[in-house]
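Please read the structure below before turning to the comments.
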Amino acid sequence: MATSNPGWDVIEEVGGSARMEALMRAFYDRLFDDLMIGFFFAMSDKEALIASQIDYVHAHIGSRQGDYQGPPIRQAHQKMPILVGHFDRRHQILIDVLDQFEVPPHVREAWLGLDRAMRDLVIRQGDQAREEMGYEVFRPKE
Ligand code: HEM
């Protein structure tokens, strides 16, 4: 079906494997060093994340090639108290990097659409995050 397989391969559109790796490295360099969300990545293996994220995007947009073998997205982020502002920050960094690498508009649109579609699988509401971190949640009387 044309909508499920638009006939382009994300790695080819970006300019090949080396270019895709450079893009993803630029993305994770920025995420790891970011003042607002870098702490989430303090215990993470950057090389493994670069490889896994390339597989993820390759398997989910365009002609959906290859095989993402990591955990489902909700599960991968379950232990992290990611709030909507954290999500937005990562999303803006992704926009910056896709623009820096001059990713073609149809690929940019599909990639950012995939990212936004995953939002509710990775974020927590405030009280949920506080409870998961072990803080007491203050609930005023109605
Ligand atoms: C649409 C949004 C997102 C997508 C598609 C996504 C995708 C992924 C993928 C594919 C992995 C690798 C799983 C694995 O192979 O083990 C991962 C891990 C991770 N993600 Fe995300 N992610 C998203 C949002 C976020 C946000 C907003 C944050 C934090 C601000 C975040 C922080 C992390 C961290 C720290 C890991 C590594 C966990 C570890 O080292 O075990 N992610 N993500």
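The values are calculated or read from the model by the stated rules, or taken from the named source; none is laboratory data. It should be emphasised that the depicted structure is a prediction, and the values quoted were computed from it without experimental measurement. Neighbour counts run over all protein chains shown; Cβ positions are idealised from the backbone, glycine included. SASA here: full protein model, heavy atoms, side chains in, ligands and nucleic acids out. Shrake-Rupley method; radii C 1.70, N 1.55, O 1.52, S 1.80 Å.
A few remarks follow.
- Between amide H atoms placed 1.01 Å from N, distances below 5 Å from Ile82 occur with Arg124, all of them 5 or more places distant or on a separate chain.
- Unit charges on C-beta of K, R, D, E only; dipole of the chain, Debye: 400 debye
- For Arg116, net neighbour charge (Lys/Arg +1, Asp/Glu -1) across residues whose Cβ lies under 13 Å away: -1
- Only one residue of Ala110, Val122, Ser52 has its Cα farthest out toward the positive end of the dipole of the chain, where Lys and Arg carry +1 and Asp and Glu -1 on Cβ, and that residue is Val122.
- Taken over the chain, the convex hull of the Cα atoms encloses 135 Å³ per residue.
- Protein heavy-atom surface of the range 10-132, 1.4 angstrom probe: 50% of the accessible area is carbon and sulfur, with nucleic acids and ligands not counted.
- Between the C-alpha center of the range 1-64 and that of the range 74-142 there is a gap of 16 Å.
- Dividing the helix sum by the residues of the chain, where each DSSP H run of 4 or more adds -39500 (n - 2.57), gives a mean residue ellipticity at 222 nm of -17500 deg cm²/dmol.
- Of Gln75, Gly16, Phe101, farthest towards positive along the dipole that unit charges on Lys, Arg, Asp, Glu beta carbons give the range 10-132: Gln75
- Peptide ranges 111-117, 18-24 listed from the most packed, as the mean C-beta count within 10 angstrom indicates: 18-24, 111-117
- Using a probe of 1.4 Å on the protein chains alone, the accessible area found for Ser44 is around 50 Å².
- Residues of the chain: accessible area per residue with a 1.4 Å probe, Å²: 63 Å²
- Accessible area (Å², 1.4 Å probe, nearest 10) - His91: 20 Å²
- Measuring r between the beta carbons of Glu142 and Asp120 and using R0 = 22 Å, the FRET efficiency lands at 0.20.
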